[in-house]
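Data block below; observations after.
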Amino acid sequence: MFRKYFNTVVIALLLFATSVIGLSCSQQKKETQKFNLIEATISDVHEAMQSGNLTARQLVEAYIKRIKYYDQSTRLNSIVVINPNALKEADKLDKEFRRTGKLLPLQGIPIIVKDNYDTKGLQTSGGSLALKGADPSEDAYQVKKLKEAGAIVLAKSNMAEWAFSNVVTVSSIAGITRNPYDLTRVPAGSSGGTAAAVAANLGLIGVGTDTGNSIRGPASFNSLVGFRSTMGLTSRAGIIPLQLRNDIGGPLGRTVEDAVKILQVIAGYDPADPITKLSVGKVPKNYTQFLIKDGLKGARIGVLRRYIDTKTIDPEVKKLTLQAIRDLKRLGAEIVDPFDIPDYKKLTKNIWRNVFQYDLNNYLASQGKNVPYKTLREIYESGLYLPASEAAIVNALKHNIPPEKRVPPALDLYHTDRNIAFRNAVIKAMDKYKLDAIIYPTWSNQPRKVGDMKSPDGDNSQILSPQTGFPAITVPMGFTSLNLPTGLTFVGKLFSEPELIKFAYSYEQGTKHRHPPKKFPKLR
């Protein structure tokens with residue numbers, strides 16, 4: 001009798017426990033479904049992970065689902081290849097988190113990587129059919145640091161072939177990428193694939209490269225934050241070069257905070273890129289300490305009128321820029337308007353130097369058997385490139401004298417007389433007005449229609465930062481009547497990232513301009 005009673009009780013308890021466990025699992029699944037990755041930040045993801053409502057696997061699965069659903073069906077065409085090992089890497093991170101209970105700085109964060117960053121075991125083509133199937137034996141330095149911080153390479157993004165174009169993102173390996181806010185328009189170049197994917201919430205954040213405007217331009221046209229750091233703060237090792245003396249790799253994100261968290265991980269000395277030795281002693285322990293909402297109070301900001309008072313500026317972009325200036329005043333900045341750099345045109349005449357052939361050949365040589373062609377000449381003879389790229393390749397082939405033997409030499413920004421003179425002139429002008437930063441509209445015009453190569457492009461960023469080595473950050477500045485994004489650029493002196501972060505974050509938080517493109521809503 002007792003045994004029968006005991007068995008009945010045990011069975012009842014087991015049934016109760018099973019129902020509770022089932023309820024718990026159901027509740028957990030319900031909570032997981034509540035997580036909305038649209039406009040999700042790194043902090044949002046980590047809070048959900050810590051509360052048990054999200055895993056890296058679930059996040060990666062959700063982004064892959066969005067890429068497969070949206071990227072081709074809308075003709076956005078931002079992605080070249082999805083990382084086949086992304087879920088495996090997510091599982092590994094989830095297992096480690098369950099074991100330690102600790103999150104790495106970028107734990108489980110899916111990142112879109114421009115296709116000129118070396119990624120071990122994942123094709124790196126530079127947007128060219130000539131490098132189709134190229135399989136680097138190791139990661140680019142920045143990719144390595146991102147992975148060490150817990151990030152997951154989600155996918156490689158489309159780019160302008162060889163990063164040749166600042167205005168359009170089209171490659172021989174993947175075709176043309178479109179702007180998620182208006183699919184009839186361009187996302188700018190050359191990091192347009194990264195920018196379009198991040199803007200459309202196909203990845204949480206991304207990295208691109210900037211030779212003249214190729215991080216900041218796409219960021220502006222896609223309502224993102226784009227960060228070009230001081231020359232020497234971040235390593236270029238393992239990135240296919242365009243003009244190494246001007247190239248910078250850096251983040252494109254939906255918020256200043258997320259971009260800063262990427263910068264924190266990739267900044268610092270790398271022996272493989274000697275110029276980064278300049279960063280020693282100049283990298284703060286944590287850049288996020290400069291995310292200050294009232295960071296503009298007392299800042300002296302100069303308005304570079306030469307990029308505003310032009311005949312070709314779009315009236316709506318000018319209107320938004322003037323509103324941005326008023327917003328900066330409202331947020332506590334002291335505005336110096338107008339501001340200019342004496343002898344600007346004289347100092348910047350012929351300041352660009354074409355070292356593409358030399359730099360690319362060095363990169364290809366470093367890859368050994370991992371790439372099918374060893375020189376730019378071989379690539380030219382292969383014919384595996386866009387017809388639009390031929391003129392740039394032919395021009396680069398004419399520059400066959402090593403940079404150090406040219407007259408005058410084409411050395412890095414810190415050892416070339418013309419760059420030194422221009423940088424000193426900018427510093428002198430800023431010091432005269434005691435400026436902390438300079439501002440201007442990142443583009444003076446709205447994104448062009450796909451196929452339009454004649455309308456004014458309005459690119460304002462090719463000279464000031466790339467030819468001085470100064471850092472620059474672009475932040476969403478609002479939308480035109482056509483719902484097309486615009487951006488405001490802040491430029492500071494060498495290694496002034498802490499100040500620029502304060503200014504950009506304060507402006508972002510005080511205006512809240514960004515909103516996602518309507519064509520890419522949450523999947524049901």
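The values are calculated or read from the model by the stated rules, or taken from the named source; none is laboratory data. Since this is a predicted model, take the numbers as computed values, not measurements. Methodologically, a virtual Cβ is constructed for each residue, glycine included, from the backbone with ideal geometry; neighbour enumeration extends over all protein chains shown. SASA here: full protein model, heavy atoms, side chains in, ligands and nucleic acids out. Shrake-Rupley method; radii C 1.70, N 1.55, O 1.52, S 1.80 Å.
Go over the candidates I248, I240 one by one and state the one that is under 13 Å from T276 (Cα atoms), at pLDDT 95 or above and buried (at least 24 other Cβ atoms within 10 Å of the Cβ). Show your work before the answer.
Working: I240 fails: under 13 Å from T276 (Cα atoms).
Matching residue, one of I248, I240: I248.
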Does the stretch 298-307 hold any residues that are assigned to a loop (DSSP other than H, G, I, E, B) and touching a residue at least 40 places away in the same chain (Cβ under 8 Å), and which are they?
A299
Residue ID - nearest to R245 (Cα to Cα), chosen from residues in the stretch 332-372 that are more than 28 Å from the chain's Cα centre (by Cα) and of a type in the set (F, W, Y):
Y344
If N53 passes every condition in (1) in contact (Cβ under 8 Å) with a residue 60 or more places away in the chain; (2) open to solvent by less than 50 Å² (accessible area, probe 1.4 Å) but one, which one does it miss?
(1)
Take the residues in the stretch 407-431 that are more than 30 Å from V336 (Cα to Cα) and in contact (Cβ under 8 Å) with a residue 12 or more places away in the chain, then tell me which one is surrounded by the most Cβ atoms within 10 Å (Cβ to Cβ).
A410
Residue list for the stretch 182-208, filter: open to solvent by 10 Å² or more (accessible area, probe 1.4 Å) and touching a Lys or Arg at 6+ places or on another chain (Cβ under 8 Å):
L183, T184, R185
So K502 ticks every box in (1) out of contact with any Asp or Glu (no Cβ under 7 Å at 6 or more places or on another chain); (2) not hydrophobic (A, V, I, L, M, F, W, C); (3) not in a helix (DSSP H, G or I) but one. Which box is left unticked?
(3)
Residue that is least open to solvent (accessible area, probe 1.4 Å) [pool: residues in the stretch 474-499 that are of a type in the set (F, W, Y) and not in a loop (DSSP other than H, G, I, E, B)]:
F490
Return the residues of the stretch 441-457 that are touching a residue at least 60 places away in the same chain (Cβ under 8 Å), of a type outside the set (D, E) and not in a strand (DSSP E or B); say none if nothing qualifies.
T442, S444, N445, Q446, P447, R448, V450, M453, P456
Checked the stretch 331-342 for anything crowded, with 16+ Cβ neighbours inside 10 Å and either among the small types (G, A, S) or touching an Asp or Glu at 6+ places or on another chain (Cβ under 8 Å) (or both); matches are L331, A333
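In the stretch 315-330, how many are open to solvent by 20 Å² or more (accessible area, probe 1.4 Å) and either within 19 Å of K434 (Cα to Cα) or hydroxyl-bearing (S, T, Y) (or both)? Please lay out each step first, then the result.
Pass one, the stretch 315-330, residues open to solvent by 20 Å² or more (accessible area, probe 1.4 Å): 315-316, 318-320, 322-323, 326, 329-330.
Pick out the ones that are also either within 19 Å of K434 (Cα to Cα) or hydroxyl-bearing (S, T, Y) (or both) and you get 329.
Matching residues across the stretch 315-330 total 1.
Go through the stretch 343-368 and give me each residue that's among the aliphatic types (A, V, I, L, M) and buried (at least 19 other Cβ atoms within 10 Å of the Cβ).
So in the stretch 343-368, the residues among the aliphatic types (A, V, I, L, M) come out as 347, 351, 355, 360, 364-365.
Answer for the stretch 343-368, where residues must be among the aliphatic types (A, V, I, L, M) and buried (at least 19 other Cβ atoms within 10 Å of the Cβ): L347, V355, L360, L364.
Residue by residue, here is whether (1) more than 30 Å from K65 (Cβ to Cβ); (2) open to solvent by 20 Å² or more (accessible area, probe 1.4 Å) holds:
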| position | (1), (2) |
| --- | --- |
| D452 | yes, yes |
| S455 | yes, yes |
| D459 | yes, yes |
| T468 | yes, no |
| A472 | yes, no |
| P521 | no, yes |
Can you tell me which of (1) touching a Leu at 6+ places or on another chain (Cβ under 9 Å); (2) modelled with pLDDT of 95 or more is the one N77 doesn't meet?
(1)
Within the stretch 289-313, considering residues that are farther than 14 Å from A504 by Cα and touching a Ser or Thr at 6+ places or on another chain (Cβ under 7 Å), the one surrounded by the fewest Cβ atoms within 10 Å (Cβ to Cβ)
T312
Are there any pairs, at least 6 apart or on different chains, whose C-beta atoms fall under 7 Å, with the first in the stretch 259-270 and in contact (Cβ under 8 Å) with a residue 12 or more places away in the chain and the second surrounded by fewer than 24 Cβ atoms within 10 Å (Cβ to Cβ) and of a type in the set (F, W, Y), and if so, which?
V260/Y287; L263/Y287; Q264/Y287
Looking at the structure I just gave you, is P342 in contact with a strand residue (DSSP E or B) (Cβ under 8 Å, 6 or more places away or on another chain), under 15 Å from A429 (Cα atoms) and not basic (K, R)?
no
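Inspect all residues belonging to the stretch 36-47 and state whether any of them is more than 29 Å from P218 (Cα to Cα) and modelled with pLDDT of 95 or more.
Yes: the stretch 36-47 contains one or more residues that are more than 29 Å from P218 (Cα to Cα) and modelled with pLDDT of 95 or more.
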